[in-house]
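Encoded as structure tokens, the structure appears first; notes follow it.
Every number in this text was worked out from the coordinates using simple rules, so none of it is lab data. A quick note: this is a predicted structure, and the numbers were derived from the prediction, not measured. For neighbour counting, all protein chains shown are included, and Cβ atoms are generated from backbone atoms with ideal geometry for every residue, glycine included.
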Amino acid sequence: MDSATRDPAAAKRAAGYKAAEMVKDGMIIGLGTGSTVMYTMERLSQRMQEGLTISGIPTSFQTAIRARGYGITLTTLDDHPVIDLAIDGADEVDPQLRLIKGRGAAHTREKCVAAAARQFVVVVDEQKIVTRLDGPVPVEIVPFAIRPVMDQLRAMGCDPVLREGVKKDGPVITDNMNFILDAKFKTIAEPDKLEAALGLIPGVVESGLFCNFTDKTTVIVGGEKKCRIIP
């Protein structure tokens, strides 16, 4: 076990920096939300000082603030509905490169950006690689429909929990002004079908299951001496 595996921050930095090296001059890139992507932006700012020119589409207010601090020019999906590359983290990655995302409550915008990207690069440390997806699935919902959505989730065999704020009273409010339910299923036998089923519930905006981008996904797993790239 190398020190980056023992030190998640070192592994995240390694993966984030490696992803930044995949960015070419003139690219429009999607900027995910989370600590690993912050390292990507850090390295991109260094490359920009060396002459790299890029524009980024942030997936959250937090990412937008950090990107501006690093001097990254920001743009939108309205201006660029198809983008070159999206870089994002993940909470879990299975062998088929399906993901659970959303601990940062930004998965709806992250999924929009991933869908628009020609290539989707996922940066993680080794702890995020799993044999099967089994963590809680974040589900962004319209506050108006919280009760019926929770009832339908329970009928699907899960225990939904309204995510509470850490430094505020009451529920977490997403950048889209919605709530987050963390849906813990006893087992996720077919992630693709579960993602589709969740999307059919009235009041659900988007789930944190990412199963439809596997054909364009590259996963960078951070390590101290080198990064492992899947596939």
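Take segment 46-63 and flag every residue that is outside any helix (DSSP H, G or I) and over 23 Å from the mean Cα position of the chain (by Cα). Walk me through how you get there before you give the answer.
Filtering segment 46-63 for residues outside any helix (DSSP H, G or I) gives 50-60.
If the condition is that a residue be outside any helix (DSSP H, G or I) and over 23 Å from the mean Cα position of the chain (by Cα), then Glu50, Gly51, Leu52, Thr53 are the ones that fit.
For residues in segment 130-155 being charged (D, E, K, R) and assigned to a helix (DSSP H, G or I), which is surrounded by the fewest Cβ atoms within 10 Å (Cβ to Cβ)? Walk me through how you get there before you give the answer.
Our first condition is that a residue be charged (D, E, K, R); within segment 130-155, this holds for 132, 134, 140, 147, 151, 154.
Applying the additional criterion that residues be assigned to a helix (DSSP H, G or I) yields 147, 151, 154.
Values: Arg147: 9, Asp151: 11, Arg154: 12.
Only one residue fits best here, namely Arg147.
Can you tell me which residue is surrounded by the fewest Cβ atoms within 10 Å (Cβ to Cβ) among those in segment 69-87 that are of a type outside the set (Ser, Thr, Tyr) and part of a loop (DSSP other than H, G, I, E, B)? Don't jump to the end; show me each part of the working.
Just the residues of segment 69-87 that are of a type outside the set (Ser, Thr, Tyr), to begin with: 69, 71-72, 74, 77-87.
Remaining after also requiring part of a loop (DSSP other than H, G, I, E, B): 71-72, 77-82.
On the way: Gly71: 11, Ile72: 21, Leu77: 16, Asp78: 7, Asp79: 9, His80: 15, Pro81: 9, Val82: 10.
Across segment 69-87, the extreme among qualifying residues is Asp78.
Assess whether Thr59 counts as being in contact (Cβ under 8 Å) with a residue 40 or more places away in the chain, in contact with a strand residue (DSSP E or B) (Cβ under 6 Å, 6 or more places away or on another chain) and either β-branched (Val, Ile, Thr) or closer than 26 Å to Asp7 by Cβ (or both). Outline the logic, then answer.
On the way: in contact (Cβ under 8 Å) with a residue 40 or more places away in the chain: yes; in contact with a strand residue (DSSP E or B) (Cβ under 6 Å, 6 or more places away or on another chain): no; either β-branched (Val, Ile, Thr) or closer than 26 Å to Asp7 by Cβ (or both): yes.
Answer is no for this residue.
Cβ-Cβ distance below 6 Å, separation of 6 or more or different chains: which pairs start in segment 204-225 with a residue that is closer than 11 Å to Val121 by Cβ and end on one that is surrounded by fewer than 24 Cβ atoms within 10 Å (Cβ to Cβ) and not hydrophobic (A, V, I, L, M, F, W, C)?
The qualifying pairs are Lys216/Gln119; Ile220/Lys18.
If you go through segment 88-127, how many residues are in contact (Cβ under 8 Å) with a residue 60 or more places away in the chain and either of a type in the set (A, V, I, L, M) or outside any loop (DSSP other than H, G, I, E, B) (or both)?
Residues that pass the stated criteria total 27.
Go through Arg66, Arg43 for me and flag whichever is touching a Phe, Trp or Tyr at 6+ places or on another chain (Cβ under 9 Å) and assigned to a helix (DSSP H, G or I). Outline the logic, then answer.
Values: Arg66 fails: touching a Phe, Trp or Tyr at 6+ places or on another chain (Cβ under 9 Å).
Going through Arg66, Arg43 in turn, the sole match is Arg43.
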